[in-house]
Amino acid sequence: MSVSRLFRRGSVFRSGGIRAGFPLAVVFLFFLAVFAAPALYAQDDPLDGLFDEVTDVEISGGSSPGDGFVPYDGDEGTGFTGDLDSLFEDAEDISAEEAGAGGGPASKSSPATGGLNALLPESSPLSVSGHLVTEVGLGYVWAESGNNLSGYFDFENILTLSARASRNLSLTGRILTEFPSFNIGLDEIFFDYLLFDRIYLSGGKRQYYWGYVRLFDDDDEYDDKTGRFQPNILYDSKENISARLVVPVSVFSFSAVAMFPLLSAEGHSGTDPVSPSFMSFAGSAEARIGRTTVNIFGRKFPSSVTGPQGIPILGLEAKRTILGFDLYLHAQARIASFYRLADLRAEGFDRITFVGGIMRLWDFFKPNIAVNLEYQNVFRPEPADSDPRVSQRLAFVGAVTKIGPGERLTAGVEWNHDLTDCSGDVTPGVIVSGFLPHARWKTAAEIYYGKDPEGARISSPTIRLGSTIYLEMDY
């Protein structure tokens with residue numbers, strides 16, 4: 001979630017560079033040097049994007065067996081060093097289950113040993129836990145079109161139920177309740193099965209995460225009109241019934257996913273047969289050697305999906321830790337025509353996207369400091385009239401936490417800049433914790449320049465200020 005989602009999607013805050021020819025060779029040389037060498041009804045939290053975008057520290061290409069599952073005797077996941085979850089959520093007892101390729105954002109609570117579980121028989125295979133977040137606040141907008149003051153309220157509760165028959169088989173379900181959107185329903189339900197103590201099989205309705213990219217994984221902040229860039233190629237997995245197979249072999253991990261749309265999925269009639277023409281397939285092959293990880297991945301969409309989102313994806317990722325700095329690269333190509341590629345024609349690609357990033361956490365002194373910077377380059381061989389042939393963007397998140405007496409203050413900034421048309425937004429903010437039980441006070445100011453949140457050109461900045469009281473608990 002990002003600050004801009006609150007302002008863009010929620011009714012709360014609605015109000016009445018570098019030349020494009022920057023050579024792609026720079027990204028290629030970067031890869032060689034680093035890896036080849038040695039509302040009142042707003043829907044989202046206005047500060048999550050500021051402090052949470054850099055906390056997905058172990059999202060990988062699929063080598064981790066997934067949340068809630070018994071780990072095998074070996075390295076679990078291929079994440080970066082450092083515990084950024086504790087850095088940015090230091091005031092709360094939260095464990096981010098999104099760490100790991102199979103994890104999902106639906107729950108931030110870890111399996112509880114007391115609370116609701118105390119009501120269950122000691123021999124019961126069922127485990128119950130939950131995570132509650134509620135928030136209330138105010139927002140003010142200064143814009144060329146006028147000023148506006150509005151309120152903000154949000155409530156979200158996730159109840160997680162897990163049953164384990166043995167160390168080989170488990171079942172997990174999550175019930176999501178949201179207000180004021182009045183959404184109550186089954187968010188995820190899936191099983192995990194460990195075969196021969198080495199092979200992982202899972203299936204059901206769940207969200208998968210592949211990819212090393214953190215900041216440009218915000219598909220609302222960076223929404224291309226001709227088709228979104230999705231570093232997580234399984235971005236829509238929760239809208240499908242899926243099956244996943246993960247096979248670790250020495251330093252390698254091979255993953256395969258097959259998905260069939262739910263009855264509620266867009267464009268699905270409910271009468272489509274379970275056949276390959278209506279299914280989506282994805283695969284990855286990841287290798288981890290020392291502190292370097294390389295992942296090759298791809299996805300084929302159903303033939304019934306048309307337009308940019310139906311174009312096959314092929315990609316390569318790599319990451320490495322050097323002197324405490326986490327460096328990573330993501331290269332993704334949407335294939336418009338395999339016949340043109342066979343003729344070595346650039347028009348065989350619909351688009352090619354590169355993302356290079358660097359992240360560093362200093363947690364061996366107080367206050368703690370973390371920074372994350374990413375550069376994105378998008379090349380379109382045959383762009384639409386409204387699109388540039390090459391576009392470039394920067395994204396940055398930095399934070400200082402555990403400040404002052406009691407280590408109760410966190411301050412940070414998020415910056416998104418389009419190098420192609422010199423527009424963007426910058427969001428400074430602070431979080432104060434500990435002044436009330438289970439509470440945090442969040443305040444941020446989002447400043448748009450060049451373009452407003454809807455993409456229209458502006459001559460003076462649009463400023464959006466939000467302040468909320470945030471209550472959270474695990475049970």
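The values are calculated or read from the model by the stated rules, or taken from the named source; none is laboratory data. Remember, it's a predicted structure, so these values are computed and weren't measured experimentally. FYI the Cβ positions are ideal-geometry reconstructions off the backbone, even for glycines, and counts take in every protein chain you see. Just so you know, the surface numbers come from the protein's heavy atoms only, side chains and all, with ligands and any DNA or RNA stripped out. Shrake-Rupley method; radii C 1.70, N 1.55, O 1.52, S 1.80 Å.
Provide the gained length on full extension for the span S277 to T443, in nm with one decimal, where the gain is 0.36 nm per separating residue minus the Cα-Cα distance.
Length gained between S277 and T443: 54.9 nm.
Less than 5 angstrom separates the built amide H of E188 from those of R174, all sequence-distant by 5 or more or on a different chain. With only Cα atoms counted, the stretch 362-416 has Rg and Dmax values of 18.3, 57 Å.
Of F349, F301, the residue with the largest accessible area leads and the full order is F349, F301 (1.4 Å probe). Residues of the stretch 455-469 falling in the label zone of W142, defined by backbone nitrogen less than 14 Å from a point 7 Å along Cα to beta-carbon, are 460-466.
Multiplying the sequence separation of S386 and V413 by 0.36 nm and subtracting their Cα-Cα distance, what value in nm do you get?
Using 0.36 nm per residue and subtracting the Cα-Cα distance, I get 6.6 nm.
When the solvent-accessible area of the stretch 308-456 is split by element, carbon and sulfur atoms take up 66 percent of it, the probe being 1.4 Å.
The residues neighbouring G203, those whose beta-carbon lies less than 10 Å from its own, together hold a net charge of +2 under the Lys/Arg +1, Asp/Glu -1 convention.
In this structure I241 has an accessible area near 80 Å², from a 1.4 Å probe over the protein heavy atoms. Each residue of the stretch 445-456 is assigned a 3J(HN,Hα), and the resulting list reads 10, 9, 10, 9, 9, x, 9, 7, x, 8, x, 7 Hz, derived from the Karplus form 6.51 cos²θ - 1.76 cosθ + 1.60 (θ = phi - 60°), x at Gly and Pro. Heavy-atom accessible area for K366, with the other protein chains in place and a 1.4 Å probe, reaches approximately 120 Å². In this structure H438 has an accessible area near 120 Å², from a 1.4 Å probe over the protein heavy atoms.
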